[in-house]
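> Would you mind keeping the following structure in view while I ask a few things?
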Amino acid sequence: LGINLPSNVLEAVSLNQKALIADILWLKVIQYIGEKKQSEKGWTWFYHNISVITDLDPNFYLAYQFSGLILTVFANRIDQSNIILKKGVKRNPDNWFMYFLLGYNYFNGLKNYKKAAFYIKQASLIKGSPGFLKLFASRLYSSAGNPENGIMFTESLINKTTDKDMKNKLLKRLKILYIEKDLNALNSKVAEYINIYKKSPSSLNDLLKAKLLNAIPKDPFGREYFFDNSSGVVKSSSIKERLKVYRRH
C-alpha cells in the first residue's frame with residue numbers, strides 16, 4: 001500500500017515541503033478509494049495516512065471532510081471518523097460541515113442523540129451554515145430527552161435571527177419544545193400515580209385528586225393535554241406526533 005511512516009518522520013525529512021508531501025499522500029489515498037479493493041488492512045493504512053496528511057497540513061479541510069465521510073459510510077469505522085473530524089474542527093473551527101458530519105455520526109451511527117444535538121447545534125451557529133440545522137438541532141435535543149436544552153438553544157436563536165420566516169419557524173418550534181417538556185413532566189406524574197395506586201389514571205384529574213399536580217397546564221397553542229387511555233400516555237391536542245427524529249435504516 002506504499003508509504004506508512006509516522007508524521008514526525010515525514011516532517012523531519014520533508015525539507016520544509018510538508019504541504020507537498022501531504023498532497024502526494026492525498027493522491028495516494030484518493031487512488032486507493034478509486035480502486036474499490038478495500039480491505040481491513042487497507043482501511044488501517046487509509047486512516048494512518050489521513051492522520052499524517054492532517055498533521056502535515058492542519059488546514060487541509062477537504063481531507064478531514066472526505067475521510068470522515070468515507071470512514072463512516074464505506075469502512076464502518078465511526079470511531080476513527082470521529083477522531084479525524086474532531087481533529088478537524090479543532091483546527092478549522094469555522095467549518096460547519098465537519099461539525100455536521102460529527103452530528104451525523106452520533107445520530108445515525110452511534111444513536112447518541114445528545115451528542116448529535118451538540119454538534120449539529122455547533123454547526124448551526126457557524127456563519128454560512130444552512131438554516132434547517134437550527135430546527136434539526138432542537139429536534140435532536142427533544143429526541144435525547146432534553147427539551148429544556150432545545151428550549152434554551154431555540155430561544156437564543158430567536159433572539160439572534162433577523163430573517164422573519166426563520167424566526168416564525170423557530171417560534172413554532174419553541175412552542176412544540178415546551179409541549180415536549182410538559183408531556184415529559186406529566187407522563188412522569190402518571191408513572192408516579194401508577195406506582196402508588198397500581199392502576200392507570202382515568203384522566204389527568206386523577207393526578208389532581210392525588211395531589212400529584214397542582215394544576216393541569218395549557219399547552220402553548222392554547223389547547224388541552226389529556227390522558228389517552230388506549231396508549232396509557234399523556235398527549236397534546238395540538239400535535240399528532242411527538243417531536244423526534246427518524247433515523248435512516
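The values are calculated or read from the model by the stated rules, or taken from the named source; none is laboratory data. Not measured: the values here are computed from a predicted model. FYI the Cβ positions are ideal-geometry reconstructions off the backbone, even for glycines, and counts take in every protein chain you see. Note: accessible area is taken over every heavy atom of the protein model, side chains too, but ligands, DNA and RNA are not part of it. Shrake-Rupley method; radii C 1.70, N 1.55, O 1.52, S 1.80 Å.
> Of Ile196, Leu213, Leu177, whose Cα points farthest to the positive end of the dipole of region 169-234 (charges on the beta-carbon: +1 Lys, Arg; -1 Asp, Glu; origin at the Cα centre)?
Of the listed residues, the answer is Leu177.
> Please calculate how many Å² of accessible area the chain carries per residue, with a 1.4 Å probe and no DNA, RNA or ligand atoms counted.
Accessible area per residue: 56 Å².
> Counting C-alpha atoms alone, how compact is region 184-231: give Rg to one decimal and Dmax as a whole number, in angstrom.
10.6, 33
> Cβ neighbours within 10 Å, averaged per peptide: list 42-55, 165-178 in order, most packed at the top.
Packing order, densest peptide first, comes out as 42-55, 165-178.
> Okay, moving on. Once you keep just the Cα pairs under 8 angstrom separated by 6 or more residues, what percentage relative contact order results for the chain?
11
> A follow-up question, please. So which of Lys87/Lys235; Lys37/Lys134; Lys211/Lys240 end up more than 32 Å apart by C-alpha?
The answer is Lys87/Lys235; Lys37/Lys134.
> Taking a ≥ b ≥ c as the square roots of the eigenvalues of the Cα gyration tensor of region 43-170, is the shape rounded (a/c under 1.5), prolate (a/b larger than b/c) or oblate?
Prolate shape, in that a/c is at least 1.5 and a/b is the bigger ratio.
> Additional query: For helix 147-160, what angle does its Cα long axis make with the longest principal axis of the chain, in degrees from 0 to 90 and rounded to 10?
Long axis of 147-160 versus the principal axis of the chain: about 70 degrees.
> Please report, in debye to the nearest 20, how large the charge dipole of region 52-156 is about its Cα centre when each Lys and Arg carries +1 at its beta carbon and each Asp and Glu carries -1 there.
140
> All other residues with a Cβ under 11 Å from the Cβ of Phe227 taken together, and with Lys, Arg as +1 and Asp, Glu as -1, what is their net charge?
Net of charged neighbours comes to -1.
> Could you list log10 I(q)/I(0) for the chain at q = 0.12 Å⁻¹, which the Debye formula gives when each Cα is one point scatterer?
Relative scattering, expressed as log10 I(q)/I(0), comes to -0.79.
> With the crude spin-label approximation of a point 7 Å out along Cα→Cβ, what separation in nm comes out for Ile83 versus Lys164?
Going from the Ile83 label point to the Lys164 one covers 5.2 nm.
> Rounded to two decimal places and with Rh computed the Kirkwood way over Cα pairs, what is Rg over Rh for region 131-249?
Over the Cα atoms of region 131-249, Rg/Rh equals 1.04.
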